[in-house]
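Here the structure comes first, spelled out in structure tokens, and everything after it is commentary.
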Amino acid sequence: MKSFKCKCGNLLFFDNSICLQCGSSVGYEPERREMCVIDAKGKLAYCANGATYGACNWLVKPVPQKAGAPPPPPLLCKSCQLTQTIPDLTDPNNVVLWARTEAAKRRLLVTFDLLGISLPPKSVDPGRGIAFDLISRKTSPELMMGHLNGNITVHVDEADDTEREITRNHLNEPVRTMLGHFRHESGHYIWERWQNPLPPDDPQRLAFREIFGDETQSEYSAAIAKNYQEGPAPDWQSHFITAYASSHPWEDWAETWGFYLQIVDGLETVDAMGLQQGRKTPYVKPFPPEAGTLPSMLPQKRRHDAAFLDWLNRWITFSTVLNELSKSLGHAPLHPFVLSIPVARKLRLIHWLVEEFRNAG
Ligand SMILES: [Zn+2]
Ligand SMILES: [Zn+2]
Ligand SMILES: [Zn+2]
């Protein structure tokens, strides 16, 4: 994530709605991709969900009020427009959980923006668009978290730290976050958008199968059920980013995609903060060249393979620093993942696909 500056010169962060130095009301303006000050000129205003519930810090351009006419209705920002279902806000607890959920979603949207992948609302583009159903498991226990035809369902209940931690422990996951849920489900969405239109012999589809496995070989719901009942294969670490990724090629893709977005956001933050790897930084063993190679059916670009590995090695270095810092503060490692060569090649394929589809839909 980038960091930003207030007009007073103070450092601002993406989630801020007030500048602690000058007291200005601030918010994120998605068209300009900047944090902006809301001033008396009235050119910018908080999104309706921010103004009413404090649930959003993105800005909109308000419609000017005509003389004698009633005030125009408050507008929803680009992020809130993508949410088609929200929980019952007469329950004050839901307002808090929903606001945290929307905050995670906004961070996802900014990473897509950074990668040049548009996210049209499903109401405008039913075939390629996206919509979010942010629901309470307590009132809608029949609705599972997941993705279906562009609709992403997320349980706002998981924004409760205690509840999420209990689930994380129960499922034996290394980390569980709201942002992680959005990144994972966005992986299912983008897989359908990119892979579904391709003919069966398209090199991109064959490349997916070579690297992630043939998604038609195991019946999806049976594979997921088996994973929850029997647990993953004992040697999953040598091929998968998480144990859950080993349940099915679609889940492997979604888990790895989520991990890819995490690196993109993480390294942007590293750059925004001006951090560099010093000569004395103990370098974790870099990946060998084969970890950066693409499947043979795709055009080979050795220079890009090397650039990808530099990028990945950089992340490994900073995430190692992050883990050690976390332990220095008395916490568990923040980022407890070990990347094998097969996982690096999965990330390489995702990186290549992102470049192919960047600004092309
Ligand atoms: Zn300021
Ligand atoms: Zn909003
Ligand atoms: Zn999934």
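With +1 on each Lys and Arg Cβ and -1 on each Asp and Glu Cβ, and nothing else charged, work out how big the dipole of the chain is about its Cα centre, in Debye to the nearest 20.
1420
Residues of segment 238-271 with amide nitrogen under 19 Å from the 7 Å Cα-to-Cβ point of GLU355?
Of the residues in segment 238-271, 257, 260-265, 267-268 have backbone N under 19 Å from the label point off GLU355.
Cross-link candidates for LYS285: which aspartates and glutamates have Cα within less than 15 Å, leaving aside residues fewer than 8 places away along the same chain?
Output for LYS285: ASP310.
What does the C-alpha gyration tensor say about the overall shape of segment 203-244? Classify as rounded when a/c is under 1.5, otherwise prolate if a/b is larger than b/c, or oblate.
It is oblate, given that a/c is not under 1.5 and a/b is not larger than b/c.
Can you compute the FRET efficiency between GLN65 and PHE14 using 1/(1 + (r/R0)^6), with r the Cβ-Cβ distance and R0 = 25 Å? Round to the nearest 0.05.
The calculated FRET efficiency here is 0.25.
Please list, in order, the residues from segment 89-109 whose amide nitrogen is less than 20 Å from a point placed 7 Å along the Cα→Cβ vector of LYS138.
The answer is 89-103, whose backbone nitrogens lie closer than 20 Å to the label point.
Placing unit charges on C-beta atoms (Lys and Arg positive, Asp and Glu negative, everything else neutral), compute the dipole magnitude of segment 1-62 about its Cα centre in debye, rounded to 20.
Using only the charged Cβ atoms, the result is roughly 180 debye.
Calculate the length of the line joining the C-alpha centroid of segment 221-278 to that of segment 68-82, in whole Å.
38
What are the semi-axes of the equivalent ellipsoid of segment 198-361, taken as the square roots of 5 times the eigenvalues of the Cα gyration tensor, listed largest first and rounded to whole Å?
So the equivalent ellipsoid measures 28, 22, 13 Å along its semi-axes.
Computing the accessible area with a 1.4 Å probe over protein heavy atoms, can you report the carbon and sulfur percentage for the chain?
56
If I ignore ligands, DNA and RNA and count only protein heavy atoms, how much of ASP310 is accessible to a 1.4 Å probe, in Å² to the nearest 10?
So the heavy atoms of ASP310 present about 100 Å² to solvent.
Report for segment 104-247 the percent antiparallel among DSSP-assigned beta bridges with both residues inside it, nearest 5.
35
So how do ARG303, ARG100, ARG164, ARG314 rank on accessible area, 1.4 Å probe, biggest first, that is with the largest at the start?
From most exposed to least exposed: ARG303, ARG100, ARG314, ARG164.
Pop out the ³J(HN,Hα) list for segment 85-92 in order, Karplus 6.51 cos²θ - 1.76 cosθ + 1.60 with θ = phi - 60°, rounded to Hz; leave Gly and Pro as x.
Listing the rounded values in order: 9, 10, x, 5, 7, 6, 8, x Hz.
Could you derive backbone 3J(HN,Hα) for segment 43-59 from the dihedral phi with the Karplus parameters 6.51, -1.76 and 1.60 (θ = phi - 60°), listing whole Hz in sequence and x where the residue is Gly or Pro?
6, 10, 9, 5, 3, 3, 5, x, 5, 8, 10, x, 9, 7, 10, 8, 10
Which one, VAL96, THR111, THR85, is farthest towards the positive end of the dipole of segment 76-123 when Lys and Arg carry +1 and Asp and Glu -1 on their Cβ?
Among VAL96, THR111, THR85, the one farthest towards the positive end of the dipole of segment 76-123 is THR111.
Can you divide the C-alpha Rg of segment 251-306 by 2.2 N^0.38 Å and report the result to two decimal places?
Cα-based Rg divided by the globular estimate yields 1.44.
Please state the relative contact order of the chain as a whole percent: Cα pairs under 8 Å, 6+ residues apart?
12
Could you go through segment 340-349 in sequence order and give the Karplus-derived ³J(HN,Hα) for each residue, using 6.51 cos²θ - 1.76 cosθ + 1.60 with θ = phi - 60°, rounded to whole Hz, and x for Gly and Pro?
Couplings: 8, 4, x, 5, 4, 5, 5, 5, 4, 5 Hz.
Counting pairs of alpha carbon atoms under 8 Å apart in space and at least six apart in sequence, what relative contact order in percent does segment 225-361 give?
Answer for segment 225-361 is 29 percent.
Please report Rg (one decimal) and Dmax (integer) in Å for the Cα set of segment 1-144.
16.3, 50
For segment 1-62, what is the number of Lys pairs with C-alpha distance below 16 angstrom, counting only pairs 8 or more positions apart or on separate chains?
4
Any idea what the relative contact order of segment 79-179 is, in percent, if you count C-alpha pairs under 8 Å spaced at least 6 apart?
28
Between HIS239 and LEU206, what length comes free when the chain is fully extended (0.36 nm per residue of separation minus the Cα-Cα distance, one decimal in nm)?
10.0 nm
With no solvent and one point on each alpha carbon, what is the Debye value of log10 I(q)/I(0) for segment 1-62 at q = 0.29 Å⁻¹?
Per q value, in the given order, log10 I(q)/I(0) is -1.36.
Mark the label point 7 Å from the Cα of ARG33 along Cα→Cβ and return the residues of segment 99-133 whose backbone N is within less than 18 Å of it.
Once the point is set 7 Å along Cα→Cβ of ARG33, 106-120 turn out to lie under 18 Å by backbone N, inside segment 99-133.
Thinking of the chain as a set of Cα atoms, what percent of all their pairs are more than 31 Å apart?
Tail fraction, whole percent: 40.
Given a 1.4 Å probe, how much area per residue of the chain is accessible, in Å²?
Solvent-accessible surface per residue comes out at 52 Å².
Using 5 Å bins from zero, what percent of all Cα-Cα pairs in segment 66-197 falls into each bin?
With 5 Å bins starting at 0, P(r) equals 2, 10, 18, 22, 18, 13, 9, 4, 2, 1, 0, 0, 0.
Considering only DSSP beta bridges whose two residues both sit in the chain, what percent are antiparallel, to the nearest 5?
Here the antiparallel bridges make up roughly 55 percent for the chain.
Rounded to the nearest 500 deg cm²/dmol, what is the calculated helix-only ellipticity per residue at 222 nm for the chain, with -39500 (n - 2.57) per DSSP H run of length n ≥ 4?
Result for the chain, helices only: -13500 deg cm²/dmol.
Given a 1.4 Å probe and heavy atoms of the protein chains only, how would you sort VAL154, VAL284, VAL37, largest accessible area at the top?
VAL284, VAL37, VAL154
The values are calculated or read from the model by the stated rules, or taken from the named source; none is laboratory data. This is a predicted model, so every value here is computed, not measured. All Cβ positions, even for glycine, are placed from backbone atoms using ideal geometry, and neighbour counts span all protein chains on display. We work out accessible area using only protein heavy atoms, side chains counted, and drop any ligands, DNA or RNA first. Shrake-Rupley method; radii C 1.70, N 1.55, O 1.52, S 1.80 Å.
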